[in-house]
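These notes concern the structure reproduced below.
The values are calculated or read from the model by the stated rules, or taken from the named source; none is laboratory data. A quick note: this is a predicted structure, and the numbers were derived from the prediction, not measured. Counting neighbours? That spans all protein chains shown, and the Cβs are built from the backbone with ideal geometry, glycine included. Each accessible area value is taken on the protein alone, full model and side chains, heavy atoms only, with ligands, DNA and RNA left out. Shrake-Rupley method; radii C 1.70, N 1.55, O 1.52, S 1.80 Å.
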Amino acid sequence: MTAEHVLDDRPPLPVHRMANKVPEVTVSFWIIKVLTTGMGETASDLLARTLGPVPAVGLGGLALAASLAVQFALRRYVAWAYWTAVVMVSVFGTMAADVLHVGLGVPYAVSAPAFLAALATVFVLWYASERTLSVHTIETRRREAFYWAAVLTTFALGTAAGDLTATTGLGYLGSVVLFGAGICVPALAHRFGSLNAVTAFWTAYVITRPLGASLADWMALGHTRGGLGLGLSPVTLTWTAAIIGATFLFPGDRNISQKIKMSRSRTNP
């Protein structure tokens, strides 16, 4: 039985409420998230080189709008739709940061704090409206709109932050080490300290962007830039295949997981 069949068998939801539109936050969630950040980084660069910056931004914007339209049209979490939207946000978020730097000459040291301020503004407005920033309660259109605004801003912020560290002495591999260590901080602070789950989640969510992007850049870029020289196209295609495979294997649907557990408990009392 497919995920769609399970979804279709559920009772209808109230008009103003939906099932939570964000997947279960597990290890597989973070793996796919990192994969989307790296794929978005190299795909954005590949499109800009192939089509030119302006057509690439236009195509990326249209693809983002289309993917979000599909995501918002659904009333329940559907893995392929959710992760397609995340990928398109990744691609366009990279373009947004790159346009400011390459097109307008804004230094990463300026754009990164600007994107951080923008993210803080989204969170303030979201909390003032909904009194929560939890991703476990994305059950209304307004909350979903705030969620995707935050996601888009985190990708732009992460891109600027990753490029800032990579171009100011650390390089891409050094940035991978830095952000790989950095992502452990909120996890440990939540597990053993007093950092609440919501803050820990969004802190880690931001860090996944420069972590995945730095790793993908290190793999794709040439030796003269401190990379492995595998090329943008191979890395983009490989990471895309990994995203598709991981999404298929780990759909992340809470209700499906619960049904599987209930089925197992019935067959194995």
Positions within the stretch 73-83 being assigned to a helix (DSSP H, G or I), hydrophobic (A, V, I, L, M, F, W, C), in contact (Cβ under 8 Å) with a residue 40 or more places away in the chain and open to solvent by less than 60 Å² (accessible area, probe 1.4 Å), in sequence order: 79, 83
Condition met for residue 203 (polar (S, T, N, Q), touching a helix residue (DSSP H, G or I) at 6+ places or on another chain (Cβ under 7 Å) and open to solvent by 20 Å² or more (accessible area, probe 1.4 Å)): yes
Flag if residue 61 is at pLDDT below 90, open to solvent by less than 30 Å² (accessible area, probe 1.4 Å) and in a helix (DSSP H, G or I): no
Residues of the stretch 84-96 classified as open to solvent by 40 Å² or more (accessible area, probe 1.4 Å) and not aliphatic (A, V, I, L, M), total: 2
In the stretch 130-152, residue modelled with the highest pLDDT [restricted to those that are open to solvent by 20 Å² or more (accessible area, probe 1.4 Å) and under 30 Å from residue 172 (Cα atoms)]: 149
Criterion violated by residue 162 - all others in (1) open to solvent by less than 60 Å² (accessible area, probe 1.4 Å); (2) modelled with pLDDT of 95 or more satisfied: (2)
Criterion: at pLDDT 90 or above, out of contact with any strand residue (DSSP E or B) (no Cβ under 8 Å at 6 or more places or on another chain) and closer than 19 Å to residue 136 by Cα - qualifying residue of 34, 87, 78, 70: 78
Scan of the stretch 208-222 for residues that are of a type in the set (A, V, I, L, M, F, W, C) and open to solvent by less than 30 Å² (accessible area, probe 1.4 Å), ordered by number: 211, 213, 216, 220, 221
Residue 70 being within 20 Å of residue 135 (Cβ to Cβ), of a type outside the set (S, T, N, Q) and outside any loop (DSSP other than H, G, I, E, B): yes
The stretch 106-129, residues that are farther than 24 Å from residue 142 by Cβ and either hydroxyl-bearing (Ser, Thr, Tyr) or open to solvent by 60 Å² or more (accessible area, probe 1.4 Å) (or both): 107, 108, 109, 110, 111, 113
Tabulated pairs, the stretch 87-107, first closer than 15 Å to residue 239 by Cβ, second assigned to a helix (DSSP H, G or I) and among the acidic types (Asp, Glu), C-beta under 6 angstrom, 6+ apart or interchain: 94/41
The listed residue being in contact with a Leu (Cβ under 9 Å, 6 or more places away or on another chain) and either farther than 25 Å from residue 150 by Cα or modelled with pLDDT of 95 or more (or both), out of 168, 236, 224: 236
Residues being in a helix (DSSP H, G or I) and out of contact with any helix residue (DSSP H, G or I) (no Cβ under 8 Å at 6 or more places or on another chain) - total across the stretch 41-54: 1
